[in-house]
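Worksheet for the structure shown next.
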Amino acid sequence: MIDLHTHSTASDGTLSPSELVSSAAMAGVNTLALTDHDCVGGIKEAQQAAKHNNIRLIPGVELSVMWSGRTLHLVGLNINVDNQALRLALKETLSFRRWRAEEIARKLEASGVENALGGAQSVAKTELIGRSHFAHYLVEQGHARNNRQVFKRFMVKGKPGHVGGEWMPLESGINLIHQAGGVAVLAHPARYNLSRTKLRGLLKEFKGLGADGIEVVSGSHSKDENQTMAQHALDFELPASQGSDYHGPEKPWVQLGKLPPMHYRCTPIWEAGLKLS
Ligand code: AMP
Ligand code: MN
Ligand code: MN
Ligand code: MN
């Protein structure tokens, strides 16, 4: 069982890195990548836990990047977490997140949410604040029934708590992952609301930039989307990755390692001759 996309409390997951690793082991996962948003702070703990639980831990990250005015996510697998260029870039991203959190809080407060920054900060386990931390606090405060509803009402484009991304460009993200010795994978390509033409334009450019693969099977894709992404991977001759995008037990419909089978014609990224161990 291989799961190459998961989150811990180092970003917006709800299990600590060691809890995540032991849950994965319990679920029968033997290769697990920890890919926190813009952060590698959980990797050391996860590596320790992986030794105890006898599973293979692939150090990873999920970078937020900009492409054509939108935010995309890039999974970096098998990165050297001590790489200086990566460290520096993540520090810069953390500063943007800090600034963005203050902006989001200011806007939410203007629309009647009290103590939004303090609330999100108390949900977050580290200094990295994401929109999910705000969402959790808003649900707690009764502004919405669940996270999904918070996003829909407050956190997306055109809504009162939305602040646009100012992440690094896609090309820089790919280069950074390569500099850190990793492989660069486009995360959940079906989640960006891109038309077929626009997505294929992205994949062409992505491949041209030397990127390594796309997530074909994702916990955030429907089964139909998995099949469509498999076709794109085949058309663009891009190796295919798979990951649950697990954030914790609060979303019981997403389980560690539990993924539908990848299309038989796809080349799994772990068999593509790419350095993954
Ligand atoms: P951020 O990187 O802080 O902008 O937050 C992005 C994260 O928010 C994603 O990785 C998801 O965990 C979460 N998220 C994004 N959109 C939604 C949504 N519509 N419903 C629930 N969670 C979402
Ligand atoms: Mn997330
Ligand atoms: Mn993502
Ligand atoms: Mn993710």
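For the reader, a short list of remarks on this structure follows.
- Note on residue 152 and residue 1: with the Förster distance fixed at 30 Å, the Cβ-Cβ geometry gives a FRET efficiency of about 0.35.
- For segment 133-144, the Karplus equation 6.51 cos²θ - 1.76 cosθ + 1.60, evaluated at θ = phi - 60°, returns couplings of 5, 4, 4, 4, 5, 5, 5, 3, 7, x, 7, 7 Hz by residue, with Gly and Pro reported as x.
- Of 30, 179, 120, farthest towards positive along the dipole that unit charges on Lys, Arg, Asp, Glu beta carbons give the chain: 120
- Using θ = phi - 60° in the Karplus curve 6.51 cos²θ - 1.76 cosθ + 1.60, the 3J(HN,Hα) couplings for segment 6-22 round to 8, 10, 10, 5, 5, 10, 10, x, 10, 9, 5, x, 6, 4, 4, 5, 5 Hz; x is entered for Gly and Pro.
- Phi-derived couplings, Karplus 6.51 cos²θ - 1.76 cosθ + 1.60 at θ = phi - 60°, listed residue by residue for segment 154-169: 10, 9, 9, 3, x, 9, x, x, 8, 10, x, x, 10, 7, 5, x Hz, with x used for Gly and Pro.
- Trypsin sites (Lys or Arg not before Pro), loop per DSSP, at most 12 other Cβ atoms within 10 Å - longest free stretch of the chain: 1-144
- Part-to-part distance (alpha-carbon centres) for segment 35-109 and segment 127-151, which is given in Å: 20 Å
- Under 12 Å, Cβ to Cβ, from residue 259 - net charge with Lys/Arg +1 and Asp/Glu -1: -1
- Shape category assigned to segment 90-155 from the gyration tensor of Cα positions, a/c cut at 1.5: prolate
- Modelled spin labels at residue 122 and residue 92, positioned 7 Å past Cα toward Cβ, are 3.5 nm from each other.
- For the listed residue pairs 125/152; 157/251; 91/204; 91/251; 51/91; 107/198, the alpha carbons are over 26 angstrom apart in 91/204; 91/251; 51/91; 107/198.
- Using only Cα coordinates, the Kirkwood hydrodynamic radius of the chain works out to 18.9 Å.
- Ordering 82, 12, 3 from the fewest to the most neighbouring beta carbons within 10 Å gives 82, 12, 3.
- Long-range HN-HN contacts of residue 168 with modeled amide H, under 5 Å: 66
Every number in this text was worked out from the coordinates using simple rules, so none of it is lab data. Because the structure is a prediction, the values reported are computed rather than measured. Glycine also receives a Cβ, built like all others from the backbone with ideal geometry; neighbour counts cover every protein chain displayed.
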